[in-house]
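Undergrad: Structure in structure tokens, see below.
The values are calculated or read from the model by the stated rules, or taken from the named source; none is laboratory data. In this text, all values refer to a predicted model and were calculated from it rather than measured experimentally. A quick note on method: Cβ atoms are made from the backbone with ideal geometry, for glycine too, and the neighbour counts reach across all protein chains shown.
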Amino acid sequence: MFRAYYNLPREVYILSAAVAVFRAGSFVMPFLTLYLSKKMGMSNEMIGVYVMLSLVAAACGGICGGFLADKIGRKKVIVYSQLIAAALVFTCLFLQGTMILPAVLIAAAFFHMGMNPAMNALVADVTKPEVRTVSFSLIYLAINVGAAIGPLVAGFLFNHYINLLFILDAVITVIATCVVIFFVKETIPQKPKKEKTETSTTSQNSKWKELAFLFSFRLLIMFGIVLGFANVTYAQHYYSVPLFINQIFGEEGPAIFGSIITINCVVVLVCTVFVTSIIKRFKPLINTLIGVVLQGFGMVLLFTAHSYLFLAVYTVVFTL
């Protein structure tokens, strides 16, 4: 099973280790909803606004990170974005109880997500086409290994050691960034020079043709709409779910929510190969439909979950 991960470029292994550390140290952002609710006493409506803003900021950070990765280099974007994010999270240690803190965390979400497109581009730069898919698979594996550890630890620290969450988040992010600084080389692919007028004209015509194709291909548009609703449903995992768990389990809510995220990641690690071997015989559209249905069914199960066992079952179904 793991034989495919042998003999990959050295940078892929280093980036995988760094990503695992990054995600293992992600203590604060997964618990944003619970922090705003339990520590700041915000209403559910205001929490929804702040969570939405953090998701928008993260999306904008990804776009900006991808743009800058092509301009100044992949490594620079990873290093600068994570160091700034770590500084912002550490600053929150001194802003607790103020309305400035949520705004700073939203800014941190922007810089945290700025790393992802640069990381993906760097992996693509250092790998050959025949091992690129396997390399991204290893990165994905590392993400889930780290994400299985961080929230579990954070859940147990949340109630009594909240300051430690901000400190550990910032420190571990800096440690992972240092791994990138000292062991990963910069990559900026050189674009071939062409005549400016010809390139710009061709590029503009190509963009208009792509837009025309998208608008004429109704099935693709419908697929995008369905996928958008699915993403909205998935986002509830970091808004409605922690609030629901906190309402049902009270003081134990943060620890239980952290363990639920861990179960989510473990299911991904254990079942990815098995599920992929089953669904590869079906068409991608059918696979997407099955995934959306399971995701929706998992959310329905959530509202019947009044015990940890049912929460675990919901998580497994939701993840699949």
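Undergrad: Checking A148 against (1) at pLDDT 85 or above; (2) crowded, with 20+ Cβ neighbours inside 10 Å, only one condition comes out false. Which one?
TA: With respect to (1) at pLDDT 85 or above; (2) crowded, with 20+ Cβ neighbours inside 10 Å, A148 is out only on (1).
Undergrad: Select from region 62-81 the residues that are closer than 26 Å to L164 by Cα, surrounded by 22 or more Cβ atoms within 10 Å (Cβ to Cβ) and of a type outside the set (V, I, T) and list them in ascending order.
TA: Hit for region 62-81 is S81, nothing else.
Undergrad: Of all residues in region 285-311, how many are under 17 Å from E252 (Cα atoms) and modelled with pLDDT of 70 or more?
TA: Qualifying residue count for the region: 6.
Undergrad: Restricting to region 16-33, give me the number of residues that are within 12 Å of the chain's Cα centre (by Cα) and outside any helix (DSSP H, G or I).
TA: Here the count works out to 1.
Undergrad: How many residues does region 125-136 hold that are part of a helix (DSSP H, G or I) and without any contact (Cβ under 8 Å) to a residue 60 or more places away in the chain?
TA: 5
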